[in-house]
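Here is the structure we will look at.
The values are calculated or read from the model by the stated rules, or taken from the named source; none is laboratory data. What you see is a predicted model, and the numbers here were worked out from it, not measured in a lab. Here the Cβ positions follow ideal geometry from the backbone for every residue, glycine too, while neighbour counts run over all protein chains shown.
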Amino acid sequence: MNKLHAAIVSALILGSLGYANGNDKINDVMENLKQEINQEKMQNGANPADDYIFEDTSSIQNNTPTQQQDTGFMQNQPMPAQNQTPSVTNDPNSTNPVRTKKDYANMPIPVGAKLITMRTELVLPITQEKYTVIEFPFEIRAEFGEFEAMLSQEEADSLATASNSQNAAEQRQPISITQKENKLIINSSITGKAEAIIWGGPYPVVVNIVVNSKKNKNSSVGYYVIREQDVYVRNGSNIKRLENNSHEKVLSIVTAAMYKDKKPKGYELKNIKKTYKYKDLGITLIHVYTLEGDHYLGEKWEIMNDDKKKSLNLYEEMFYAPNIYSISFLANPIEPKKSTSMYIVRKNENSKRQ
């Protein structure tokens, strides 16, 4: 561990022990780090680093997506199975004229979503009887053409029987489309295809939606995220600028980012809460979030001392695993029934960029 990294860890410990200069020291270390990087860049004829270390916007908590039920999110709208234009439901909460305009192009990408580069024309396969979300980098207005159903004889007979029923509750609703801010939410009980024009961006986007049979296991994408090409280039550039520094400096930057709950520019936030109990050690581990770069991962954990009487001493070997570069604790030891934060920086073994 070099002097810079050791200084950051020392500042973390000072802050956790209640020293007044703990936060000041971490800020001083980061300022020194930026100055050192700038000096190296200028010596090499490059531009100063300036503000590339952390996102300018806000803390991770403000950028973290939350999962909650939304009664207006998915609404079923009946539509005949024949070739007719599907109706689009606008979510009532998305038409509030006083709400703040969101920066959809730079919102966190949900875990498991499929990234698609925005073009003038897109083909998006979805699965029958499965809700699919299509997320755009801007607030949208969708115009749909005719839905061309591709029915088996059994499906056609079933729909004909339902449409002739006098009980409206028994009638099937073949396809539902909901438009909410920058998202389309689609669910179709029949196979077929439709064409839509998406307005709201720098140019109209033609989207060809193909509803495949639920028996087709290859069409299982449930969430598409459409992003412009320059977003990939910009994020990739920011990551390279950060990770082209020395190994020790990258560890210092990522560790300090997690301590301040900030996201390094270009890094992706993955907020997946997981809890693990270790009775033999008397602790509970809670995964708070992961920051993913090209070659580095930063992980923030909460460690709970489950013992009611004894304090718990922490040491790095308790949590060591292959490809871990550094482990830091906010407070050590942990008092009974108390918790502290742990910051791990490891190698990104699933890097998308080589």
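The figures follow:
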item: Residue within the range 309-324 that is in contact (Cβ under 8 Å) with a residue 24 or more places away in the chain and within 28 Å of ARG241 (Cβ to Cβ) present; result: yes
item: Residue count, the range 255-284 (criterion: part of a loop (DSSP other than H, G, I, E, B), of a type in the set (Ser, Thr, Tyr) and modelled with pLDDT of 90 or more); result: 0
item: Checklist (1) within 25 Å of the chain's Cα centre (by Cα); (2) of a type in the set (Lys, Arg); (3) over 23 Å from LYS263 (Cβ atoms) applied to LYS300, failing item; result: (3)
item: Qualifying residue in the range 281-300 (condition: farther than 30 Å from ARG241 by Cα and of a type in the set (D, E, K, R)); result: no
item: Flag for LYS240 being among the charged types (D, E, K, R), under 30 Å from LEU330 (Cβ atoms) and modelled with pLDDT under 85; result: yes
item: Boolean, LYS260 is touching a residue at least 60 places away in the same chain (Cβ under 8 Å) and of a type in the set (Lys, Arg); result: yes
item: Residue count, the range 185-227 (criterion: outside any strand (DSSP E or B) and surrounded by 15 or more Cβ atoms within 10 Å (Cβ to Cβ)); result: 7
item: Counted residues, the range 270-281 - those being buried (at least 16 other Cβ atoms within 10 Å of the Cβ) and more than 24 Å from PRO322 (Cβ to Cβ); result: 1
item: The range 118-156 - residue that is modelled with pLDDT under 85 and either of a type in the set (Gly, Ala, Ser) or under 21 Å from the mean Cα position of the chain (by Cα) (or both) and, of those, farthest from ILE175 (Cα to Cα); result: SER152
item: Count - residues of the range 107-124 that are part of a strand (DSSP E or B) and surrounded by 16 or more Cβ atoms within 10 Å (Cβ to Cβ); result: 3
item: Among residues of the range 335-354, those that are without any contact (Cβ under 8 Å) to a residue 60 or more places away in the chain, of a type outside the set (Ser, Thr, Tyr) and in contact with an Asp or Glu (Cβ under 9 Å, 6 or more places away or on another chain), counted; result: 9
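Quick grid of which residues meet (1) out of contact with any Ser or Thr (no Cβ under 8 Å at 6 or more places or on another chain); (2) more than 23 Å from ALA105 (Cβ to Cβ); (3) of a type in the set (Val, Ile, Thr):
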residue: GLY201; (1), (2), (3): yes, no, no
residue: LEU251; (1), (2), (3): no, yes, no
residue: ALA256; (1), (2), (3): yes, yes, no
residue: LEU281; (1), (2), (3): yes, yes, no
residue: TRP301; (1), (2), (3): no, yes, no
